[in-house]
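Accompanying notes for the structure given below.
The values are calculated or read from the model by the stated rules, or taken from the named source; none is laboratory data. Quantities reported herein were computed from a predicted structural model and do not represent experimental measurements. Don't worry about glycine lacking a Cβ; one is built from the backbone with ideal geometry, like all the others, and counts go over all protein chains shown. Side chains are part of the model used for accessible areas, which takes the heavy atoms of the whole protein and leaves out ligands, DNA and RNA. Shrake-Rupley method; radii C 1.70, N 1.55, O 1.52, S 1.80 Å.
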Amino acid sequence: MLSPVEASHTRKKSVGHKTILNKEIQKYINANLNTDLHSLLLKKSPFPEVSMQEIVQQIKGKQVAQKKFPFLLKDEIIFPPQLNLEQSSSEKTALYKSGIVKGKKFIDLTSGFGIDAYYLSQNFEEITLVEQNLELLEIVEHNWNILGKKATFINQKLEDFLEENQEKFDVVYLDPARRDDHKNKVFLLEDLSPNIIEIQEKLLSISNEVVIKLSPLIDLKYLISVLPNVFRIDIIALKNDVKEVVVFLSNENSGEIICNCLNLESGESIFTFTFGEEEKAVAAYSEPEKFIYIPNHSILKAGVFNLISEKFSLKKLHPNTHLYTSEEKLDDFPGRILEMEVIDAKHIKNKSQFNIISKNYPLKPEEIKKKYSLKDGGESYLIFTQSKKGKIILKSV
Ligand SMILES: C[S@@+](CC[C@H](N)C(=O)[O-])C[C@H]1O[C@@H](n2cnc3c(N)ncnc32)[C@H](O)[C@@H]1O
């Protein structure tokens, strides 16, 4: 039996985009996976039923999939336009998120290309996808069919869906679009589509767990101030590059917000704390000792600067320098550990090669490189920073 929502909004599928699956066209696509796409676009399509643009869209899709979502490198999978590929999560971050939610009924209100939905719904029995872009939703529906994954596909604006919907869900997921009408990237919650601030109450009326993926550039203090029901924030980095800030809302918010700082694919480190703990923590300070610690970017993003000093018994170099130090090496630190010494600027040799790091220092690495005529790279590090005594330069030993 179809529910009222399904009955009114699931539609007869068009078969238009399936022409691209014609064997000869697929052969041509696979033969051109490494061809320059700009020059290909200038050519006439060898197939009257599809344009060269449609062919290039599939080639581009396969190229992106190789790195971002290799699980889609299968026969008969169809890829959407580039913007939808860019907006999709990567298989790696989606896979992490699949382990953080479970229940019976899952709904993704901003399906997009459905990468998040595919993974996050793994531990659910009933899956619903809402997407305003019909063509995109049809592609997802086709692909999920090929992958043998069942769901209810609803082509509707989620605001309208929320007005009509009577159902409750165990988990509601959203990954708002970060582009404005002029296709520029936006980072404030009010500028995302949908506007989470406006619909948060409605979301919490249909589920007790709302999970929202946001840009790594989002300000956490602002986030907590505009979303009073936040109870957890996950900061997900992949190889030390922060990719996502995932926020969890619930009606049963105890007031303590837990933050998980993750670094996937480099030892899978995780540092968990509450913002209350960080507020109470007091950092110890010292001039540089034998070892210098650079926290992972997810930790820096979380702003957990004093608790790191307290929890790991490390000393901080300066209130605004988020580098730590110790005489004994602490191997399980969630970040990089370098053995270093303080040097005088006049001992930096012209044309020598270093990885240059600038932290709480007036010059950027590029400016430092120019000033001291240095070459980038190699095994050694130079850190230009400030301790409580003033500006210092650290060199790896
Ligand atoms: C960032 S993408 C989602 C990507 C997806 N998480 C993935 O991994 O493939 C956001 C999607 O939300 C859709 N969207 C934005 N605002 C919407 C609204 N008000 N109603 C329904 N869909 C919406 C956009 O069309 C877009 O496809």
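Details
- Some residue of the stretch 316-331 being in contact with a Pro (Cβ under 9 Å, 6 or more places away or on another chain), outside any strand (DSSP E or B) and either open to solvent by 70 Å² or more (accessible area, probe 1.4 Å) or touching a residue at least 12 places away in the same chain (Cβ under 8 Å) (or both): no
- Among (1) crowded, with 17+ Cβ neighbours inside 10 Å; (2) of a type in the set (A, V, I, L, M); (3) closer than 24 Å to I383 by Cα, the one test that L262 misses: (3)
- Check on Y285, touching a residue at least 24 places away in the same chain (Cβ under 8 Å) and open to solvent by 40 Å² or more (accessible area, probe 1.4 Å): yes
- Selection status of I139, touching a residue at least 40 places away in the same chain (Cβ under 8 Å) and either under 28 Å from F71 (Cα atoms) or away from the ligand (no atom under 11 Å from the Cβ) (or both): yes
- Strands (runs of 3 or more DSSP E) enclosed by the stretch 94-157 - at least 2 residues per element that are closer than 21 Å to D75 by Cβ and open to solvent by 50 Å² or more (accessible area, probe 1.4 Å): none
- Scanning the stretch 158-180 for residues that are more than 25 Å from the chain's Cα centre (by Cα) and open to solvent by less than 40 Å² (accessible area, probe 1.4 Å) yields F161, L162, N165.
- Listed by first and then second residue, the pairs linking a residue in the stretch 19-33 that is of a type in the set (D, E, K, R) to a residue that is surrounded by 13 or more Cβ atoms within 10 Å (Cβ to Cβ) and at pLDDT 95 or above, with Cβ atoms under 9 Å apart and 6 or more places separating them unless they lie on different chains, are E24/F47.
- A single entry from L204, L217 fulfils the requirement of being more than 13 Å from the ligand (Cβ to nearest atom), at negative phi, hydrophobic (A, V, I, L, M, F, W, C) and assigned to a loop (DSSP other than H, G, I, E, B): L217.
- Single match in S380, S373, S387 (criterion: small (G, A, S), open to solvent by less than 50 Å² (accessible area, probe 1.4 Å) and in contact with a Ser or Thr (Cβ under 6 Å, 6 or more places away or on another chain)): S380
- Any hit, the stretch 26-40, residues being of a type in the set (S, T, Y) and open to solvent by less than 50 Å² (accessible area, probe 1.4 Å): yes
- Within the stretch 257-274, residues that are charged (D, E, K, R) have Cβ atoms under 7 Å from residues that are part of a loop (DSSP other than H, G, I, E, B) in these pairs: E265/K239, counting only partners at least 6 apart in sequence or on another chain.
- Index of the failed condition, G276 passing every other in (1) within 28 Å of E159 (Cα to Cα); (2) open to solvent by 10 Å² or more (accessible area, probe 1.4 Å); (3) not β-branched (V, I, T): (1)
- Any hit, the stretch 353-367, residues being assigned to a strand (DSSP E or B), open to solvent by less than 50 Å² (accessible area, probe 1.4 Å), out of contact with any Leu (no Cβ under 8 Å at 6 or more places or on another chain) and among the hydroxyl-bearing types (S, T, Y): yes
- Whenever a residue of the stretch 169-184 is at pLDDT 95 or above, its partners that are within 12 Å of the ligand (Cβ to nearest atom) and charged (D, E, K, R), lying with C-beta atoms within less than 6 angstrom and at least six residues away or across chains, give the pairs Y173/D108; D175/D116; D175/K213.
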